[in-house]
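Remarks on the structure that follows.
The values are calculated or read from the model by the stated rules, or taken from the named source; none is laboratory data. Note that the structure is predicted; figures quoted are calculated from it, not measured. Cβ: placed from backbone, ideal geometry, glycine included. Neighbour counts: every protein chain shown. For accessibility, only protein heavy atoms count, side chains too; no ligands or nucleic acids. Shrake-Rupley method; radii C 1.70, N 1.55, O 1.52, S 1.80 Å.
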Amino acid sequence: MQILFRYTYRKKDSMRVIGIDLSGPSNHKDTVLTVFEVEDRQLKFVKYRSSMSDEEILNEVTTQSHLDEVVIGIDAPLSYEDGGGDRESDRALRKFIVKIGMKSGSIMPPTLNRMVYLTLRGIKLTREIAAQSFPQPISIVEVHPGGVIGSRLSSSEMDYVRTYKQDLEVRKVLLQWLEQQNLIGIPEAVAKQSHSMDACAAALGAWHWKDKRFTPKWKFPANPPLHPYEFCC
């Protein structure tokens, strides 16, 4: 397991934001978790962990839970449509990202064969978190990292979001771009894989979703009990 620590100062009444790029339950190596702390209008890097099991994710959430507020943004479907196919939120997000110049194929139905185990893990993990007795409330939101990035790029930069998963040099550019979005202190090693970049983007999306000083670029409301979490980018 790879663990990188950078920012260690902790102040009273702080908010932590956790971004998770989740993979299927048999593929821990591609599951990455990042932790940031909100300070003024910045997210300061705290740690980065890869190859995360469900138990390790739960332990990490528990480690942060004594703080004033914890927000978790997860890149994975956290519900599915009864009967299969797209959720209403998937259709709405696909329409949004196509409008800003992204490809529709990055939005896949949660019950698609290649997605179903990821969906299962996302549902299981979030319900396990929700079932815990934490001293402070834990907020969870489903996040689409590509949408987070693409919706904040200029039209001339849109090729970055189309190629960053395959291109290390593009990820290095986006690492600098994240700094411009006030995600401070992210180590260069994060750019080595797309999963860690997605975990950072999930944190950015969750931060803008939760912090009332910001507005997410796109948001779809929760519809409990079948779709208990909001979706944003």
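Using a 1.4 angstrom probe on heavy atoms only, work out the carbon and sulfur share of the accessible area of the chain in %.
On the way: 5380 of 10950 Å².
About 49 percent, which is the carbon plus sulfur part of the accessible surface.
Express the accessible area of the stretch 116-163 per residue in Å², computed with a 1.4 Å probe while the remaining protein chains stay in the model. Walk me through the numbers before you get to the answer.
Values: 2140 Å² over 48 residues.
On a per-residue basis, 45 Å².
Any chance you could run the full-extension gain for Asp40 through Glu179? It's 0.36 nm times the residue separation minus the Cα-Cα distance, nm to one decimal.
Values: separation 139, 0.36 × 139 = 50.04 nm, distance 1.48 nm.
Computed gain between Asp40 and Glu179 is 48.6 nm.
Quick one: accessible area per residue over the stretch 175-224, 1.4 Å probe, rounded to a whole number of Å²?
On the way: 2270 Å² over 50 residues.
That works out to 45 Å² for each residue.
Taking a threshold of 23 Å on the Cα-Cα distance, which of the pairs Lys103/Lys219; Lys44/Lys95; Lys44/Lys212; Lys95/Lys219 fall above it?
Details: Lys103/Lys219 19 Å; Lys44/Lys95 32 Å; Lys44/Lys212 18 Å; Lys95/Lys219 13 Å.
Beyond 23 Å: Lys44/Lys95.
Of the listed peptides 77-84, 145-152, what is their order by residue-averaged count of other C-beta atoms within 10 Å, with the highest listed first? Write out the running numbers ahead of the final one.
Working: 77-84: 17.4, 145-152: 24.4.
Going by the mean number of other Cβ atoms within 10 Å, highest first, we get 145-152, 77-84.
What shape does the chain take by its C-alpha gyration tensor, where a ≥ b ≥ c are the square roots of the eigenvalues and a/c under 1.5 counts as rounded, a/b above b/c as prolate, and the rest as oblate? Please report the intermediate quantities before stating the final value.
Details: a/c = 1.37, a/b = 1.07, b/c = 1.28.
Rounded.
Nearest-5 percent of antiparallel DSSP beta bridges in the chain? Let's see the in-between values first.
Details: 21 of 37 bridges.
Roughly 55 percent of the DSSP beta bridges within the chain come out antiparallel.
Let me know the shape class of the stretch 90-201, please: from the alpha-carbon gyration tensor, a ≥ b ≥ c as square roots of the eigenvalues, rounded when a/c is under 1.5, otherwise prolate if a/b is greater than b/c, or oblate. Present the calculation step by step, with values, prior to reporting the outcome.
Details: a/c = 1.89, a/b = 1.28, b/c = 1.47.
Cα axes put the stretch 90-201 in the oblate bin.
Take the alpha carbon atoms of the stretch 83-108, find their center, do the same for the stretch 142-192, and report the distance between the two centers in whole angstrom.
The stretch 83-108 and the stretch 142-192 have Cα centres spaced 20 Å from each other.
Under 16 Å from a point 7 Å along the Cα-to-Cβ line of Glu88: which residues of the stretch 197-233 have their amide N that close?
219-232
What residues have an amide H closer than 5 Å to that of Glu39, excluding those fewer than 5 places away on the same chain, when H is modeled at 1.01 Å from N in the peptide plane?
Lys44
Rounded, prolate or oblate: which one fits the stretch 144-233, using the alpha carbon gyration tensor with axes a ≥ b ≥ c (rounded when a/c is under 1.5, else prolate when a/b beats b/c, else oblate)? Provide the component values of the computation, followed by the final result.
On the way: a/c = 1.87, a/b = 1.78, b/c = 1.05.
Since a/c reaches 1.5 and a/b is larger than b/c, the shape of the stretch 144-233 is classed as prolate.
Could you size up the charge dipole of the chain around its Cα centre, putting +1 on the beta carbon of Lys and Arg and -1 on that of Asp and Glu, and report it in debye to the nearest 20?
Working: 31 positive and 29 negative charges, 81 e Å.
Taking the Cα centre of the chain as origin, the dipole is about 400 debye.
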